[in-house]
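What follows is calculated from the coordinates using simple rules that are stated; it is not laboratory data. Note that this is a predicted model, so its numbers are computed, not measured. So basically every Cβ, Gly included, is an ideal-geometry build from the backbone, and we count neighbours across all protein chains shown.
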Amino acid sequence: MNRTTTPGAIAAAALLLVGGLVLAREDDGIVAPAAGATIGPEARFVFDAPPGARTTIFLMDQVELARFSGPGRHELTRRLSQPGRRQFNVKVYDAAGGLVRHARRDVVVRGGDLVPPAARGPIRPHRGRTGVVRLNERTAVMLANARRWLEAHGGCPPGRAAPAWVLQGSYSRSVSASAGTHDGGGALDLSVAGLAPAQRERLVRALREAGFAAWLRRAPTFSIDHVHAIAVGDPDLPAAARAQVRDYFQGRDGLKGRRRDPHGGPVVKAWMRPFLQREGLSGALGRLGA
Ligand SMILES: [Zn+2]
């Protein structure tokens, strides 16, 4: 399959035709997703099955998404959920069920934004590093996006961006050193135990790419080294966390004294534009580039 991605676009799904007159000109009739489409936006795939086709199966990353019988226009709409590295497969079978052609292609999707859901979603318990932690769905998806960023870009084991490594979640008043930043939604602390300094930096970067205001916090100022992260735009942010988000976009560290951000300044994404304008932080939009 020689279809390649245009910058910022996710490539199309693979097609598998079973039985009858098998045709697999892979690009035919496939409508590629919009540039930048990742989580949230819908991608549409259309295939005009030839008169002799018996079954059309849509595959993405080895997973069957839909199956249609007979000729005609077959269309699939799906929310893309795996930006980063993807594998596409095209398998063509003859009428007897024998595999006559198999093509595989790895594609690295560049420039895709990891866009969080618009809605907060339900608050759910997760098994954290030392006990049960609570995260709302938007925050949990953003954490998964940080993992995907690490899967695509490396530098730190992707599994470190996961609820299992969360030391303190959201809706939590148990840790006084957190100064109220975890009282509402959008907050989490990630363990950095066993990670080298460069890996810790990479974890901070991944969380920022996913839309968190995130900093490495160190002992002895804090009881344990960890990454403190606040989800930008979370509707449940308490005042203390909102103040930290402001600090983040102003290139500060979010602590008393408002020192310079030690991680090189905020990562600004297009989806943050309405939030930044609403909060009077439009100055940060200058970091958007285009
Ligand atoms: Zn924290």
Query raised in the report: Sorting 272, 142 on the 10 Å Cβ count, fewest up front, what's the list?
Result: 272, 142
Query raised in the report: If we count other beta carbons within 10 Å of each Cβ, what is the order of 275, 249, fewest first?
Result: 275, 249
